[in-house]
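Taken together, the values in this text are just the output of simple stated rules run on the coordinates, not laboratory data. Predicted model, so just to flag it, every value in this text is computed and none were measured. Here Cβ is always computed from backbone atoms with ideal geometry, including for glycine, and neighbour counts include all displayed protein chains.
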Amino acid sequence: MISLECEPWLWNAIVQHLTTKTGLSCDCLGALNIRRSIVHRMKVTQTRTVANYWFQLQQQGGEWQAFLDEVVVPETSFFRDRVPFQCLAEWAQAQTQTLNDRKLKILSLPCSTGEEPYSIALTLLGAGLSLEQFEIDAIDLSDRALGIARSGRYAIQASGSLWERVADYWSYQDQCLQMSPEVMQTIDFRLGNVMDWTIQSIPAIDSNYDVIFCRNLLIYFDPETRQKVLQGFDRCLDKTGLLFVGHAETGSLLRDRWSMFPFPYAFAYQKSISPTPNSVAKPHIKSPLKSPLKSKIQNPKSKIKSNVTSSESTESTIDLPIATDLLKRSRELADASKLEEALDCCEHYLKRQPLCGEGYFLMGQICQAIGSLAESDRYLAKAVYLMPDHEEALMLLALLRESQGDVASAQGLRQRLLRSR
Ligand SMILES: C[S@@+](CC[C@H](N)C(=O)[O-])C[C@H]1O[C@@H](n2cnc3c(N)ncnc32)[C@H](O)[C@@H]1O
């Protein structure tokens with residue numbers, strides 16, 4: 001019979017140990033998730049008291065790793081968010097002219113069960129690179145997730161032109177998708193902890209990476225840990241390389257250190273280069289934005305009309321009569337990086353549905369993607385006003401406020417996020 005009765009200090013000690021070792025905070029992992037993981041592991045190891053389990057966790061041996069495997073959130077998917085992979089394909093194509101015999105070095109951290117690094121490999125092959133032109137280091141804290149990654153086997157149905165273009169590199173076996181041995185050999189899966197990046201020397205990793213994917217991990221960290229991890233990436237990313245983060249993580253990137261790469265919705269960044277009289281930083285690929293939006297990016301407020309404060313009408317270029325279609329259409333446009341049209345479409349939608357939180361949430365995301373942060377803040381604030389429990393909106397607004405130095409407000413939003421779970 002398991003007893004979960006324990007002194008609060010014991011509970012705090014386990015949570016604190018987890019945060020110190022991995023950077024994962026209780027706020028973001030969720031107290032329930034941590035408790036569930038402890039109970040599960042206590043059952044498996046037939047440990048009766050939390051005190052005994054805490055003792056086991058501190059011993060050398062497999063229990064710490066087994067606990068980590070249980071508590072982490074390994075959610076991932078192939079070509080997650082799509083646009084970052086389109087951006088990678090165009091960027092890599094542009095690099096091939098200057099690669100010569102050199103390989104592109106890519107880091108996927110955290111790689112979870114492998115879908116992200118395999119998507120990177122398939123993207124590069126689809127973009128015309130050969131197997132010899134790149135290598136990928138794929139790192140994660142979870143041994144269990146890495147086991148799945150190393151098998152290269154997934155119970156999914158692959159469909160669509162992207163998969164067909166790289167059909168030589170995967171097959172179906174026993175109703176599972178199996179990556180080919182050639183693709184698997186381009187990836188080195190390793191157990192590792194991103195907290196190693198927070199110290200000056202980086203054990204086992206001395207690379208100059210051309211591309212780093214660190215998506216959907218920074219959101220679990222407190223602001224100080226996020227900055228330390230980003231400083232680590234700063235050290236091991238090539239000066240012209242790309243850092244991809246998750247869409248809710250862009251607020252962590254300090255503007256004086258990182259500049260947004262001009263590929264909307266890719267959430268890719270480069271190290272900021274201070275311009276000298278003879279040097280002007282140029283993007284590696286042509287921006288997919290059409291010229292009117294470029295001018296909006298240079299002067300983001302020039303055309304954005306705030307539905308929060310104004311109800312002026314704009315000229316309509318959209319011929320979609322049903323309001324819900326407009327919201328759906330603006331999401332599709334935003335996903336396809338057509339931000340100017342997405343913005344127009346969503347503005348029209350909000351004129352018809354001025355109380356729809358999802359509309360304001362989308363406007364907030366679009367404005368953030370084009371760098372109009374004050375507008376983004378206003379739309380997101382309206383979204384969380386209308387949808388007080390909307391986790392993504394709360395998180396995005398908290399990160400945005402944090403990046404603007406409004407720590408108190410960000411903390412308040414994080415508390416609300418916690419209460420909404
Ligand atoms: C939500 S998944 C993200 C996977 C992938 N990057 C994506 O966006 O689809 C988060 C992963 O982070 C890993 N993780 C958590 N803390 C870590 C740490 N300190 N170092 C390395 N990986 C960590 C977890 O094991 C989990 O597999």
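Values for this structure:
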| quantity | calculated |
| --- | --- |
| Which of His390, His40 has the fewest Cβ neighbours within 10 Å, and the rest in rising order | His40, His390 |
| In Å, descending, principal axis extents of the Cα set of region 8-71 | 28, 22, 22 |
| Flagged links, alpha-carbon separation over 29 Å, of Lys328/Lys382; Lys103/Lys271; Lys43/Lys228; Lys338/Lys382; Lys21/Lys43 | Lys43/Lys228 |
| Using distinct alpha-carbon pairs, which all enter the 1/r mean, Kirkwood radius of region 83-271 in Å | 17.0 Å |
| Region 44-91: Cα Rg divided by the 2.2 N^0.38 Å rule of thumb | 1.99 |
| Region 376-421: C-alpha gyration tensor shape, a/c 1.5 cut-off, then a/b vs b/c | oblate |
| Cβ crowding within 10 Å averaged over residues, with 245-255, 16-26, 42-52 ranked highest first | 245-255, 16-26, 42-52 |
| Cβ crowding within 10 Å averaged over residues, with 137-144, 179-186, 342-349, 404-411 ranked highest first | 342-349, 137-144, 179-186, 404-411 |
